[in-house]
1. Can you tell me which residue within region 77-106, out of those that are small (Gly, Ala, Ser) and loosely packed, with under 14 Cβ neighbours inside 10 Å, is modelled with the lowest pLDDT?
2. Somewhere in region 28-51, is a residue in a helix (DSSP H, G or I) and closer than 15 Å to Ala87 by Cα?
3. Restricting attention to region 50-67, report how many residues are over 21 Å from Met1 (Cβ atoms) and in contact (Cβ under 8 Å) with a residue 12 or more places away in the chain.
4. Can you tell me how many residues in region 68-98 are in contact (Cβ under 8 Å) with a residue 60 or more places away in the chain and not in a helix (DSSP H, G or I)?
5. Identify all residues within region 3-49 that are crowded, with 16+ Cβ neighbours inside 10 Å and touching a residue at least 60 places away in the same chain (Cβ under 8 Å); write none if there are none.
6. Could you tell me which numbered condition Thr74 fails, if it satisfies all but one of (1) among the hydroxyl-bearing types (Ser, Thr, Tyr); (2) surrounded by fewer than 17 Cβ atoms within 10 Å (Cβ to Cβ); (3) under 24 Å from Ile23 (Cβ atoms)?
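The values are calculated or read from the model by the stated rules, or taken from the named source; none is laboratory data. Quantities reported herein were computed from a predicted structural model and do not represent experimental measurements. Cβ placement follows ideal geometry from the backbone for every residue including glycine, while neighbour counts extend to all protein chains displayed.
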Amino acid sequence: MLHKTISSLQAQQQTGALTADEIVEVLDIFFKGSRNFKYTRDCAQNYAYCETVEDRCNQFIAGKRGVFFEYAHTFARILEQSFQIPARLVGGRVITDQKISAETHQ
């Protein structure tokens, strides 16, 4: 399913039918709204032996389970490698007096 989506988007990009922003939006919906991928923490052992980010991304695509790290890195790699759209990840933490619920951290 992912490969078909990428191929379709690439064809549309080549004809000028989709902008970079539209490609990002479609992929965002694919990952967040897809029932093919599950946001879960119970798969940490699947990634324990991955030596590179590429290995983690491939494992995520094959296993269809992961946390923010796998989603973000896979999303960025697809944007850069398949569509030549620059993508970078930024990590950090915002410290506030407000508590962040687990539901909003997905």
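1. For region 77-106, the residue satisfying everything is Ala102.
2. The answer is yes, given that some residue of region 28-51 is in a helix (DSSP H, G or I) and closer than 15 Å to Ala87 by Cα.
3. Qualifying residue count, region 50-67: 1.
4. So the count comes out to 1.
5. Passing the criteria: Ile6, Leu9, Gln13, Ile23, Val24.
6. (2)
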